[in-house]
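Have a look at the structure below before the remarks.
Quick note: the coordinates plus some simple rules give every number you see, no bench work behind them. Owing to the predicted nature of the structure, the values given are computational and were not obtained by experimental measurement. Note that we place each Cβ from the backbone using ideal geometry, even for glycine, and neighbour counts take in every protein chain shown.
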Amino acid sequence: MKLSIIIPVRRATKTLKACVASMKLACAGLDAEIVVAYAEEDETAPLAEALMGVQLLRKPGRRSVPQLRRDGIRAASGEFVLITEDHCTVGSEWARTLLLAAEVHPASAWGGPVRNGRTSWLGWAHYFTRYTAFLPPGQAGYSAHLPGNNALYRREDLMALATDWCDGFWEAEFNVVLRGKRGPFWYAPEAVVTQAQQRALIEYVSLRYRHGRCYGARCGKPHSAVLVFVTALLYWRGLRLAVANGVAGRFFAVSPLLIVYYGAWATGEMAGYLFGAGASCGDTD
């Protein structure tokens, strides 16, 4: 069976080379292609264009990560499509582990945990805003959720539901549709990715706002207009997961920054719900 690994690239000058190198090692001996999707106006474009041994997918203008995921999926030729991101590295058995899980465990998609590779105060705060639900190791078994940077899909399922991601592959939204139509996912704890996204404090505040605004416009509900409620809800969800996974101490240590980030998201969600997405959906990770 042929595998396509999709890497959407956005502002990844510090992480892209290591990411692609680890993906190549994970593909050794497999019938696999690596599709690197990037926008020509992105600062990473020159670095992406110098890569060897991968399929380069250059898109005009700017693109968000969900839009680049979409573009990469459309260009994929594999029976299975494995989606990761430009700041992730993996072990040599990562792809094989997920393909084996697909053979052994009937499911609609397969994935694994996300380890934090940026362990500064700032790095942990960024990590907790996105990956608390996928702290390693987790438990093997059927799951209702998979991370956007560590998920394997059948291409035929993706294409059958293409209208649900035609404006961008927003994994959380698509996974709800896929799970409803094809059944639950399989979580493989040994199939770990290590993420090390590089974003500065203020840069990340802006990113959280834009992502929240896009979400508010696309999926917002009446409570989205209540900034304090959304901030508190996000904090509570993160804390509950941190406690369950034994990292509550770290979570509390970075809580002042988490409240800033959750507040930025909540402000964006409120703006999106009330006033629409604006340009936010095309300018986010």
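Using the alpha-carbon centroid of each, what span in Å lies between the range 42-108 and the range 254-275? About 29 Å separates the Cα centre of the range 42-108 from the one of the range 254-275. Isolated cysteines in the chain, defined as those with no second cysteine Cβ under 4.7 Å, comprise CYS19, CYS27, CYS88, CYS166, CYS219. The reciprocal of the average 1/r between distinct C-alpha atoms defines the Kirkwood hydrodynamic radius, which for the chain equals 19.0 Å. What the Cβ-Cβ distance of TRP236 and CYS166 gives, at R0 = 45 Å and to the nearest 0.05, is a FRET efficiency of 0.85.
The stretch between ALA279 and VAL243 holds 9.3 nm of extra length on full extension. This uses 0.36 nm per residue minus the Cα-Cα distance. With both bridge residues required to lie in the chain, what share of the DSSP beta bridges run antiparallel, to the nearest 5%? Antiparallel bridges: around 40 percent, rounded to the nearest 5.
Extension gain, SER120 to VAL104: 0.36 nm times the residue separation minus the Cα-Cα distance gives 2.0 nm. Here the mean projected area of the convex hull built on the C-alpha positions of the range 201-282 is 5.4 nm².
Helix-only arithmetic for the chain: the sum of -39500 (n - 2.57) across DSSP H runs with n ≥ 4, divided by the residue total, places the mean residue ellipticity at 222 nm at -14500 deg cm²/dmol. When the pairs LYS181/LYS221; LYS17/LYS221; LYS2/LYS59; LYS17/LYS59; LYS24/LYS59 are compared against a 28 Å limit on Cα-Cα distance, LYS17/LYS221 fall above it.
The residues neighbouring LEU146, those whose beta-carbon lies less than 14 Å from its own, together hold a net charge of +1 under the Lys/Arg +1, Asp/Glu -1 convention.
Kindly express, to the nearest 10 degrees and within the range 0 to 90, the angle between helix 94-104's C-alpha long axis and the longest C-alpha principal axis of the chain. Computed tilt is about 80 degrees.
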